[in-house]
Amino acid sequence: MCDDRSSTHCNEDVASDHLNTTTQPSNTSKVASKYHQPCFALNYEWQNEVATLKSVQDGSNLGPPPDGGIKAWLAAAGAACIFFSALGFANSFGVFVEYYLSHQLKGQSPDKVAWIGSVAVFTQFAAGAVGGPLFDRYGAWFPAMAAVTQYFDKKAGAALGLVISGSSIGGVVIPIALSKMLNSTNLGFGWSIRIIGFLLIPLLSFSCITVRSRLPPRKSAFLLPAAFKDRTYCMVIAALFFMFIEMFAPLFYMPTYAVKRGMDATLASYLLAIVNGASTFGRVVPGALADKFGRLNVFMFGGIASGVVVCCMNEAKSTTALVVYAVLVGFTTGTIISGGTTAFTLCIKSPQESGTILGMGIGLSSISALIGPPANGAFVQHYGGFAQMSIFSGVMCLVGGFIAFAAKSTTPHGLSGRT
């Protein structure tokens, strides 16, 4: 292309060639070819600029997820703090059940009390159906898991396992603290809850600083109904739906069951801490294994193993048996939420859709978290024991595990593959 210093010479050459065309018509094509080259070059550069702008908008110029680095792991740590604060509190609801039934709500049935916790759990998960699309559109501090999936690919299982383990750690710290304050001090219910709130403030402040989206926002439709055309996605939702019916049974009813077996109320609440402590390993270890042995394989294993263990709940009758059982049920149920989350990542076609895919999937699955605990409480109220509740919950989880196994048939690797 001509620059400013040579523009005059270019104009003189064009004029000269124009005169030549009047006497030499055969040279017209040569002149046109020669002086249309700058136009083609300018058009080519313009197309490149447009392509670059589009790649910035859709994030394709940022390359694949880094699978590590300070920003990635800080995002994972911040997300773990969110899970510590939110689901860690929900995982402690068994302490409240036992306390409510002997204090404020004495005389009420377990199924009625369970509605308090089930609504709280459902609200947290179902909010992802809105929060996920908001994250994809606006980034910032919307769904923690969606932010982490933008930083990890091959190590996604390990990273998400670390994130979700925050809820288990919260489920260790919060029940012990609550039980101590509620049963061994004169603080009362109100100040016990306030102190837990003060504990969560610095953790959530840290997450506000560290959890950031890596990619530019998505500008397409708010929800992605086309995702439900993916059979794998639909089957993972169905599998997690049945597993959620079972997953909260030990968390809600383990302390009450232990007290029925003659255990001291304070010691019984520590069982919940043991369940959540074992669940930490059940969320981190399978998450790492999912990257190696297949995400659906680990999800399926978690569902089937957890179903078998929960079916045996009524057989733990002594203090020693209850402690051992708490470890087993904690580890196996821990694989459900981490396994389900990593299984959903198989259905993400673009990193900028991660929030919406995870939010819609977990939001729909969590409907069973709303109805499962009250249904379990109804079994306890009607039969006066925990055998029927444990069998119902365990069978539901087994159904979810076999649906997860069937979901493997919808993948390119088939039922025998490492999917």
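The values are calculated or read from the model by the stated rules, or taken from the named source; none is laboratory data. Because the structure is predicted, anything quoted here is derived from the model rather than measured. A quick note on method: Cβ atoms are made from the backbone with ideal geometry, for glycine too, and the neighbour counts reach across all protein chains shown.
A compact table of results
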{"read-out": "Selected residue (only one of 209, 195, 237, 201 is crowded, with 18+ Cβ neighbours inside 10 Å and assigned by TED's automatic domain parsing to the domain that holds residue 303)", "value": "237"}
{"read-out": "Some residue of the range 139-146 being in contact with a Pro (Cβ under 9 Å, 6 or more places away or on another chain) and at positive phi", "value": "yes"}
{"read-out": "All positions within the range 65-79 that are over 10 Å from residue 159 (Cβ atoms) and assigned to a helix (DSSP H, G or I)", "value": "70, 71, 74, 77, 78"}
{"read-out": "Test for residue 265: is it surrounded by fewer than 24 Cβ atoms within 10 Å (Cβ to Cβ), under 17 Å from residue 93 (Cβ atoms) and not β-branched (Val, Ile, Thr)", "value": "yes"}
{"read-out": "Number of positions in the range 400-419 that are part of a helix (DSSP H, G or I) and either of a type in the set (Phe, Trp, Tyr) or surrounded by 20 or more Cβ atoms within 10 Å (Cβ to Cβ) (or both)", "value": "8"}
{"read-out": "Which listed residue, of 282, 334, 330, 302, is under 15 Å from the mean Cα position of the chain (by Cα), under 26 Å from residue 387 (Cβ atoms), outside any loop (DSSP other than H, G, I, E, B) and of a type outside the set (Ser, Thr, Tyr)", "value": "334"}
{"read-out": "Answer residue from the range 149-189, given it is assigned to a loop (DSSP other than H, G, I, E, B) and not charged (D, E, K, R) and is surrounded by the fewest Cβ atoms within 10 Å (Cβ to Cβ) among those", "value": "186"}
{"read-out": "Test: residue in the range 240-262 that is crowded, with 22+ Cβ neighbours inside 10 Å and outside any helix (DSSP H, G or I)", "value": "no"}
{"read-out": "Enumeration of residues in the range 89-117 that are more than 17 Å from residue 181 (Cα to Cα) and among the small types (Gly, Ala, Ser)", "value": "90, 107, 109, 114, 117"}
